[in-house]
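J.: Pasting in a structure now, in structure tokens, and then I'll have a few things to ask.
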Amino acid sequence: MALDGVDLEVSPSEFITIIGSNGAGKSTLLNTIAGVHLPDSGRVIFNGTDITRLPEYRRTKYMGRVYQDPMMGTASMMSVEENMAMAVLRGQRRGLRRGVNSRLREQFREALAPLDLGLEDRLKQNVGTLSGGQRQALAIVMATISKPALLLLDEHTASLDPKTGRTILELTEEVIRQGNLTTLMVTHNMDQALKLGNRLIMMDAGRIILDVDAEQKSSLTVRDLVEQFELASGKRFVDDSLLLRRREEG
Amino acid sequence: MLLNITSITFEQGLAYALLALGVYLSFRTLDFPDLTVDGSFPLGGAVAAVLIFGGGSPLVATLAAVGAGLLAGIGTGLLNTKLRINPLLSGILMMIGLYSINLVIMGRANISLLRVDTLFDNLAHVFGVSTSPTLVILSLAVLVPIVIIILTWFLHTNIGLAIRATGDNAQMIRGLGADTDKTKIIGLSMSNGLVALSGALVAQDQGFADVGMGIGMIIIGLASVIIGESLFRRKAMSWILLSVVGGSIVYRLFVAVALRLGMPPGMLKLITALLVIAVLAAPRFRGTWERLSRWKGRNHA
């Protein structure tokens, strides 16, 4: 769980997928960018400003985040519309104005309707009554509704069943495309990492061992990636979900 | 006798309802088991009693009591958020410290208010009646709903949503840019302000403030909250707050009946503790109970 000399420059509207074996430092990278962890050395620069020491809650103005656990991105004992209202004010001052009003409610309906989950008709329901997939879909809308400069996705489909995971992934792509959002997406799934996005980085032992652009990426296969990994790291790729995948291909 | 029980039930139920609302704010809204309550309740009583005894206006004295409670809550919040002391311990430290502070404020262990005019006496003068339990009940029956309306409004404002989210999913609301240290401090401050208000009103109602009047208040508040929640099971915020008030009244009814049935007053805190244990443990045994009744049903069939 550490980073070792990571040097990563992200340009606007890049959609980077991040892969690597367990403990490669993928989540640590996101946590360092988001301000959950402070780096021992090195800096985090955002739009030319050094934000290395900025507390987490103050840099979220620029960053939307969706976690692996659907429970983490939403407040279960509060209603759908209250969750949305909190997300709309990402990084802004929260005062004594009413959180939800009819204008906002209309905006929420419009944002939720494209999900096709009927959430727009369940605004007053507690989020705790929703399924994991519904909660994750809501979390994505919440992470992106205030148009963050950077979207961080931390294996956000990993804990969903395959079908729901696919739906959420399609939804993610759609939201990113429409908002032209700069995105970092950590995934365990090499297929996903190759198909989505316009840049791919691979990590191992806290370092970036592979960084390919859209053009190179389009010609790569999962096999190539695994080979690249084993070449660069000098060890076998250890990841349960990948073993299966390799057997299928082999 | 029945009338007497009813009157005591409502008089105390409403006066302690503000305590229960305060406990609801810390325990449920913030998910912070705040034991400051045992110190901020007598703090409210002490501040109000000293000022009234010294010839101050009862209204100003009551507001000062609220102010003292707000400060106590801020103190606990700072211990927890800035010094990173665990929530339970922060509350206990503040509670213990407040015991001495309350003694210093009062200058002795108790102050009688029987010979001076309290807020309720003032109200009686205004309406040209004599001070009676009925007057106390009526004035509290106006005050408590006003407090509920203000709380409901506040918990639906943007800052109120952030405070509720702090107890629900702190990581999430931090991720949305709210300073959870601040939301905790605000919530604890309001909670203890309410508790101190309750202490100030109880002292004026019973005619004295005592340095020991806070012992077990956290459990009484908690008992009211969980009785209210389990009896009324409401979802909307205003109804939940009303349920808590209802819980406080039901608790007082329970106490009044128990005392009338001959329970020694000294047993009250033990019985209250057992009551809270029973309600907290109930969900654990619900499964067992259902299995048992299913098994019985099969045997009967």
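J.: From the phi angles alone, apply the Karplus equation (6.51, -1.76, 1.60; θ = phi - 60°) to the stretch B:23-29 and give each ³J(HN,Hα) in whole Hz, x where the residue is Gly or Pro.
T.: So the J values, rounded to whole Hz, are 5, 4, 4, 6, 5, 8, 5.
J.: Tell me, what is the percent relative contact order of chain A, built from C-alpha pairs under 8 Å that lie six or more residues apart?
T.: That works out to 30 percent.
J.: How long is the gain from A:Gln216 to A:Asp40 if the chain were fully straight, where each residue apart is worth 0.36 nm and the alpha carbon distance is subtracted?
T.: 60.0 nm
J.: Given H placed on each backbone N at 1.01 Å, which residues far from B:Thr157 in sequence or on other chains put an amide H within less than 5 Å of it?
T.: Placed amide hydrogens put A:Gly99 under 5 Å from B:Thr157.
J.: Past the 31 Å Cα-Cα mark, which pairs from A:Lys147/A:Lys235; A:Lys163/B:Lys184; A:Lys26/A:Lys163; B:Lys82/B:Lys269; A:Lys61/A:Lys235?
T.: From the list (A:Lys147/A:Lys235; A:Lys163/B:Lys184; A:Lys26/A:Lys163; B:Lys82/B:Lys269; A:Lys61/A:Lys235), the Cα-Cα distance tops 31 Å for A:Lys147/A:Lys235; A:Lys163/B:Lys184; B:Lys82/B:Lys269; A:Lys61/A:Lys235.
J.: Right, here's the next one. When you have a sec, figure out the Kirkwood radius of the stretch B:1-90 from all distinct Cα pair distances and drop it here in Å to one decimal?
T.: Over the stretch B:1-90, the inverse of the mean reciprocal pair distance is 14.7 Å.
J.: Would you please give the residues with an amide H less than 5 Å from that of A:Arg199, counting only those at least 5 places away or on a separate chain, with H modeled from the backbone geometry?
T.: Close amide H contacts, sequence-distant or interchain: A:Phe15, A:Thr17.
J.: Compute and list, largest first, the equivalent-ellipsoid semi-axes of the stretch B:2-212 from the alpha carbon gyration tensor, each √(5λ) rounded to a whole angstrom.
T.: 31, 20, 13
J.: Just grab the label-to-label distance for B:Ile5 and A:Leu104, each label 7 Å out from Cα along the Cβ direction, in nm (one decimal).
T.: 4.7
J.: If you average 1/r over all unlike Cα pairs in the stretch A:103-250 and invert the result, what Kirkwood radius do you get in angstrom?
T.: So the Kirkwood estimate lands at 17.2 Å.
J.: If you don't mind, there's one more thing I want to ask. Assuming 0.36 nm per residue, please report the length gained on full extension of the stretch B:Arg108 to B:Arg84 beyond their Cα-Cα distance.
T.: Extending this stretch completely gives an extra 5.2 nm.
J.: May I ask for the Kirkwood hydrodynamic radius of the protein assembly as shown, worked out over all distinct Cα pairs and given in angstroms to one decimal?
T.: For the protein assembly as shown, inverting the mean 1/r across all distinct Cα pairs yields 26.6 Å.
J.: Can you compute the FRET efficiency between A:Arg166 and B:Ala278 using 1/(1 + (r/R0)^6), with r the Cβ-Cβ distance and R0 = 41 Å? Round to the nearest 0.05.
T.: 0.30
J.: Right, something else. Mind listing the Cα extents of the stretch B:193-266 along all three principal axes, in Å, largest one first?
T.: 37, 34, 18
J.: Report the far tail of the P(r) of the stretch A:132-193, meaning the percent of Cα-Cα pairs longer than 16 Å.
T.: Here the tail beyond 16 Å accounts for 38 percent of pairs.
J.: Shape verdict for the stretch B:65-159, please, from the Cα gyration tensor: rounded (a/c under 1.5), prolate (a/b greater than b/c) or oblate.
T.: Since a/c reaches 1.5 but b/c is at least a/b, the shape of the stretch B:65-159 is classed as oblate.
J.: With everything on Cα atoms, drop me the angle between helix A:132-144 and the longest principal axis of chain A, reported from 0 to 90° to the nearest 10.
T.: Helix A:132-144 and the main axis of chain A meet at about 90 degrees.
J.: Using θ = phi - 60° and the Karplus relation 6.51 cos²θ - 1.76 cosθ + 1.60, list the HN-Hα couplings for the stretch B:132-149 in order, rounded to whole Hz, with x at every Gly or Pro.
T.: Taking θ as phi minus 60°, the curve returns 8, x, 4, 4, 4, 4, 5, 5, 5, 5, 8, 5, 4, x, 4, 4, 5, 4 Hz for the stretch B:132-149.
J.: Per the helix-only calculation at 222 nm, which mean residue ellipticity applies to the protein assembly as shown, given -39500 (n - 2.57) for every DSSP H run of n ≥ 4 and division by its residues, nearest 500 deg cm²/dmol?
T.: So the helix-based figure for the protein assembly as shown works out to -19500 deg cm²/dmol.
J.: Enter the angle in degrees (range 0 to 90, nearest 10) between the Cα long axis of helix A:240-249 and the first principal axis of the Cα atoms of chain A, meaning the one along which they spread out most.
T.: For A:240-249 against chain A, the angle is about 60 degrees.
J.: Treating the angle as unsigned and between 0 and 90°, give the value, to the nearest 10°, between the Cα long axis of helix A:222-233 and the longest Cα principal axis of chain A.
T.: 70
J.: Round to the nearest 0.05 the FRET efficiency obtained for B:Ile150 and B:Leu71 when R0 = 22 Å and r is the Cβ-Cβ distance.
T.: After rounding, the FRET efficiency stands at 0.65.
J.: While we're looking at this one, here's another question. Can you tally the net charge around B:Met95? Count Lys and Arg as +1, Asp and Glu as -1, for every other residue whose Cβ sits under 10 Å from the Cβ of B:Met95.
T.: Once positives and negatives cancel, what remains is -2.
J.: While we're on this one: Amide H to amide H, which residues 5 or more places from A:Gly20 or on other chains are under 5 Å from it, using H placed in the peptide plane?
T.: Amide H neighbours of A:Gly20, under 5 Å, 5+ apart: A:Met203.
J.: Scaled to the compact-protein estimate 2.2 N^0.38 Å, what is the alpha-carbon radius of gyration of chain A, rounded to two decimal places?
T.: This ratio for chain A stands at 1.04.
J.: Let me ask something additional. Remind me, relative contact order of the stretch B:2-212 in percent, using alpha carbon pairs under 8 angstrom and six or more residues apart?
T.: The value is 45 percent.
Bear in mind that the values in this text are calculations on the coordinates, not laboratory data. Keep in mind it's a predicted model, so treat the numbers as computed, not measured. Please note: Cβ atoms are built from the backbone with ideal geometry, for glycine as well, and neighbour counts cover all protein chains shown.
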